[in-house]
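**Student:** Please read through the structure below; I'll follow up with questions.
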Amino acid sequence: MNFVEELKWRGMIHDMMPGTEEQLQKEMTSAYLGIDPTADSLHIGHLVGVMMLKHFQRAGHRPIALIGGATGMIGDPSMKSAERNLLDETTLRYNQENIKKQLAKFLDFDADLPNAAKLVNNYDWMKDYSFLNFIRDIGKHITVNYMMAKDSVKKRLGSDSSVGMSFTEFSYQLLQGYDFLYLYQHEGCRLQMGGSDQWGNITTGTEMIRRVEGPEAEAFALVCPLITKADGGKFGKTEAGNVWLDRRYTSPYKFYQFWLNVSDEDALKYIRIFTSLSREEIGTLEKEQIETPHLRPLQKRLAREITTMVHSSEDYEAAVEASNILFGNSTSDVLKKLDEDTLLSVFEGVPQFEISRDELGAGIKAVDVLTEKTAVFSSKGEMRKLVQGGGVSLNKERLAEFDAVINADSFLNNKYLLVQKGRKNYFLLIAK
């Protein structure tokens, strides 16, 4: 597999240095990509870079994921308007371990493979490097004029003179440049990859390698475009914030729903970037999308591929079943299989009512619960009429009599009662 050609048809190359493709065709090459460790989970904004590493390994090359433990303590000024919070080592190490577990779903870290992926942390080679030695050994190779010419620096200095940029952030590109030099010297790394906003920092690294190792030293850069949404909104952001890979922050159901609900235009772009499907498979899906757009084959396959990759096939199946509870003809058995987190995710936007568990006692008529204790129905007459027409269900089981008695046992896990009123109106009762 030709790595550059693969990325080109997937729309994943924004820019690359001359000679990059020739280097990759010449021999197995090591390349690295930096990952910000300021959280204990990756979010889908990281996935473009991770997929670049995945395709790189598929093409027979050796991917290196660099956790920015040292640089994460400083903060990259690229595309930022203010300095970020600095983290301590304990937090950074904890974040690193969690991130590695997520990366292992995309990359093969098997030590027996010649192109096994490797995880490194720049804190390991920076922690004992004294400031005096660093500015003597490294700082002298890159001029201030060169650093000032970078867009990330010019934008910060030109945007608002009252904010400016601290020396700490100004030095960031020196540190990232040294990362490339260190990996060039110790891991034989010849290529750095990243987002297009990293071009300035990456080329500082290639320049540093040439100045330290000599003009014959070969080092290359390749960056992908920053991912956007067709409507101009920020990719990966929802009303609840980032879409995370960790189920503690974004449930598999919500994760699945995010991809299922992207626009047709975005699905066409994302299925190339975020899956390993072949050009032929994607071409077939595109044809199906044109012929049957209402079936949304692109979105469904995208959601399936990426939910399975990030979580599991079981989580994907559960997400599909959970979706059918709201939008399909699922049964009470499916509802009962849902774990509490998924249940709450599915019905997050549904009107919810609390009812006292004590009031349920030995039993209470459904009509009293749904008209007096809660406002599911505005009157008993309205409820009676709909029940007689077969239009009311409790936990996906049709309510035969409007005055049937329910108790705590009627609730899922003795806590939740899903009321369906008509075909599309849902209410969630929570016993407390």
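**Student:** Given q = 0.21, 0.26 Å⁻¹, what are the Debye log10 I(q)/I(0) values for region 285-362, with equal point scatterers placed on the Cα positions and solvent ignored?
**Tutor:** One equal scatterer on each Cα of region 285-362 leads to -1.08, -1.21.
**Student:** Within the chain, what percent of beta bridges assigned by DSSP are antiparallel, to the nearest 5?
**Tutor:** 45 percent
**Student:** Determine ³J(HN,Hα), in whole Hz, for all residues of region 331-346 in sequence, where each value follows from phi through the Karplus function 6.51 cos²θ - 1.76 cosθ + 1.60 and θ = phi - 60°; x replaces Gly and Pro.
**Tutor:** 9, 5, 4, 5, 4, 5, 7, 5, 6, 4, 4, 5, 4, 5, 5, 4
**Student:** If you average 1/r across every pair of different Cα atoms in the chain and take the reciprocal, what Kirkwood value do you get, in Å?
**Tutor:** Evaluated on the chain, it is 24.9 Å.
**Student:** Quick one: 3J(HN,Hα) in Hz for region 380-387, Karplus 6.51/-1.76/1.60 with θ = phi - 60°, rounded, Gly and Pro as x.
**Tutor:** Each residue of region 380-387 in turn: 5, x, 4, 5, 4, 4, 6, 5 Hz.
**Student:** Whole Å is fine, so just give me how far the alpha carbon centre of region 111-190 lies from that of region 244-275.
**Tutor:** If we compute the Cα centre of each part, the gap is 33 Å.
**Student:** Summing Lys, Arg as +1 and Asp, Glu as -1, what charge do residues with Cβ under 15 Å from the Cβ of D333 carry, D333 excluded?
**Tutor:** That sum, taken over residues with Cβ under 15 Å, equals 0.
**Student:** Just the Cα atoms of region 187-282: what Rg and Dmax do they give in Å?
**Tutor:** 18.4, 53
**Student:** Calculate one ³J(HN,Hα) per residue across region 5-13 by plugging θ = phi - 60° into the Karplus curve 6.51 cos²θ - 1.76 cosθ + 1.60, and present them in order as whole Hz with x for glycine and proline.
**Tutor:** 4, 4, 5, 4, 6, 7, x, 10, 10
**Student:** Divide by every residue of the chain the summed helix terms, -39500 (n - 2.57) for each DSSP H run of at least 4, and state the resulting mean residue ellipticity at 222 nm, rounded to the nearest 500 deg cm²/dmol.
**Tutor:** Mean residue ellipticity, 222 nm, calculated: -12500 deg cm²/dmol.
**Student:** Arranged from highest to lowest average of other beta-carbon atoms within 10 Å per residue, in what order do the peptides 365-372, 143-150, 94-101 appear?
**Tutor:** Descending packing order for the listed peptides: 365-372, 94-101, 143-150.
**Student:** Kindly report the accessible area of the chain per residue (heavy atoms of protein chains, probe 1.4 Å, no ligands, DNA or RNA), in Å².
**Tutor:** 48 Å²
**Student:** Considering only Cα-Cα distances, which of the following residue pairs are longer than 25 Å: K101/K415; K105/K254; K237/K421; K8/K287; K380/K421; K118/K300?
**Tutor:** Checking Cα-Cα distances, K101/K415; K237/K421; K118/K300 exceed 25 Å.
**Student:** Which of the aspartates and glutamates could a cross-linker bridge to K373, judged by Cα under 15 Å and excluding same-chain residues fewer than eight apart?
**Tutor:** List returned: E354, D358, E359, D403.
**Student:** List the residues of region 388-432 whose backbone N lies under 14 Å from a point placed 7 Å from the Cα of E340 along the Cα-to-Cβ direction.
**Tutor:** 412-417, 430-432
**Student:** Still on this model: Given the C-alpha atoms of region 336-415, compute the convex hull and give its volume per residue in Å³.
**Tutor:** Dividing the Cα hull volume of region 336-415 by its residue count gives 97 Å³.
**Student:** Same structure again: Hey, can you rank 113-120, 39-46, 192-199 by average C-beta count inside 10 Å, highest first?
**Tutor:** Ranked from most to least packed, the peptides come out as 192-199, 39-46, 113-120.
**Student:** Considering only protein heavy atoms and a 1.4 Å probe, what is the carbon-and-sulfur percentage of the accessible area of region 92-207?
**Tutor:** Summing carbon and sulfur atoms, their accessible area is 52 percent of the total for region 92-207.
The values are calculated or read from the model by the stated rules, or taken from the named source; none is laboratory data. The structure presented is a predicted model; accordingly, all values stated were derived computationally and were not measured. Every residue, glycine as well, gets a Cβ built from its backbone with ideal geometry; the counts of neighbours run over all protein chains shown. Just so you know, the surface numbers come from the protein's heavy atoms only, side chains and all, with ligands and any DNA or RNA stripped out. Shrake-Rupley method; radii C 1.70, N 1.55, O 1.52, S 1.80 Å.
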